[in-house]
1. May I ask you to list the residues in the stretch 248-296 that are in contact with a Gly (Cβ under 9 Å, 6 or more places away or on another chain) and more than 13 Å from I317 (Cα to Cα)?
2. If you scan the stretch 252-273, which residues turn out to be in a helix (DSSP H, G or I) and farther than 28 Å from A333 by Cβ?
3. When the residues of the stretch 49-104 are filtered to those that are surrounded by 13 or more Cβ atoms within 10 Å (Cβ to Cβ), acidic (D, E) and not in a helix (DSSP H, G or I), which remaining residue is modelled with the highest pLDDT?
4. Of the residues that sit in the stretch 253-291 and are surrounded by 14 or more Cβ atoms within 10 Å (Cβ to Cβ) and basic (K, R), which one is modelled with the lowest pLDDT?
5. Only residues that are part of a helix (DSSP H, G or I), touching a residue at least 40 places away in the same chain (Cβ under 8 Å) and β-branched (V, I, T): list them for the stretch 1-18, please.
6. Looking at the stretch 19-39, is at least one residue over 29 Å from H68 (Cα atoms), part of a loop (DSSP other than H, G, I, E, B) and not basic (K, R)?
7. Please enumerate the residues belonging to the stretch 292-305 that are at pLDDT 85 or above and either surrounded by fewer than 17 Cβ atoms within 10 Å (Cβ to Cβ) or over 11 Å from L250 (Cα atoms) (or both).
Amino acid sequence: MEPVDDITIEKILERYDESRTIYADFMARQITLLEEFLKEHGPEVHSIQGRVKERDSLRRKLVHPDSHITRLEQVTDLVGIRIITYFEDEVDQVAEVIRKEFKIIDAVIVDRGELLDPERFGYRSRYYNVGLLDDRLRLIEYKRFKDFQAEIQVRSVLQHAWAELETKLGYTSRETFPKERRRHFSRVAALLELGDSELNGIKQFIRPYQMARRTEPDQRTIKPQETFDQVALTDFLQGNSLVKDLDARLATIFRTDTVFSEAFVLQLAENLGQLGIRHLTALENELRSHRQAVLGIGKQFSQRDAQKDYASLWQGISVLMMCYALATTSEKADQLLTHLDKTAFGTLLERDMFGDDLERW
């Protein structure tokens, strides 16, 4: 088959220039759908990234000697989306969501191990060319995306790191590297793949333990003087009447509600450790002693920024504000406050605006 002529290439590029905005809209809507589907049915993912193909990149694709593209619709990667999972086994879970919620046009699994050498370790990346299902295309806001496609790639964090490092180091083809250097890449790939496997094992041990403790609160007793872990702290934040009361009052002050965040609990546990609070009894006593300070900090902040709307606060926000109250009276106040400032208050809340008032509490 003859290569595509220059006139055809220019017509394709001109048409792409005219329609690039709608492709950007298509990408944004696909990402929104993926976020909604994964929130409902899939694992929590590290990130979802998207891009619309640059004009120069499209030109290079069209002028390639092996290209026989004569229509813009034949280009399947004008919209690219990358989903990065925390764990390798979650790649399959995300893939299942994609297969259920989108029209699969094509699917490919690239095994980096095969590309490096058949007997060596490597990584797999999943690629799906997808379109919208007919039911969704019947909706007025999606009708204009008929025949549109997006290329979705799914990788774990470590798989993504390996692919990015390969590109950064220029390892795009094994034939261009001496044999001894290829062996170095293979060893790194093996270590990263082993890391993915070990992280999966750790997760499979931790998650059932956490779920068992959270779903059977009436069947276990937390000893007040027992050093608490993340699960025990979560139970305390969600079940302690004082925490719930103070959180509710703060939510009223900020005209929002509270939501749970596992990452926030981890940060909070570290903050309490920095302040020397390692037992639930001590935590409840300090919170009771500083309840007025907790509410005072909240009121002061809300008065300074009364026009701002807050999406939500984290459950246990009252405990974090208690930490600030304790930190200001410590001999290591500057160090502790700097550490506390790294903790996210909520989806929109910042501390900087009321930092000067903490000493009053």
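The values are calculated or read from the model by the stated rules, or taken from the named source; none is laboratory data. Quantities reported herein were computed from a predicted structural model and do not represent experimental measurements. Note that we place each Cβ from the backbone using ideal geometry, even for glycine, and neighbour counts take in every protein chain shown.
1. A282
2. T252, E262
3. Going through the qualifying residues, I end up with D77.
4. R278
5. T8, I9, I12
6. No: the stretch 19-39 contains no residue that is over 29 Å from H68 (Cα atoms), part of a loop (DSSP other than H, G, I, E, B) and not basic (K, R).
7. Answer for the stretch 292-305, where residues must be at pLDDT 85 or above and either surrounded by fewer than 17 Cβ atoms within 10 Å (Cβ to Cβ) or over 11 Å from L250 (Cα atoms) (or both): Q292, A293.
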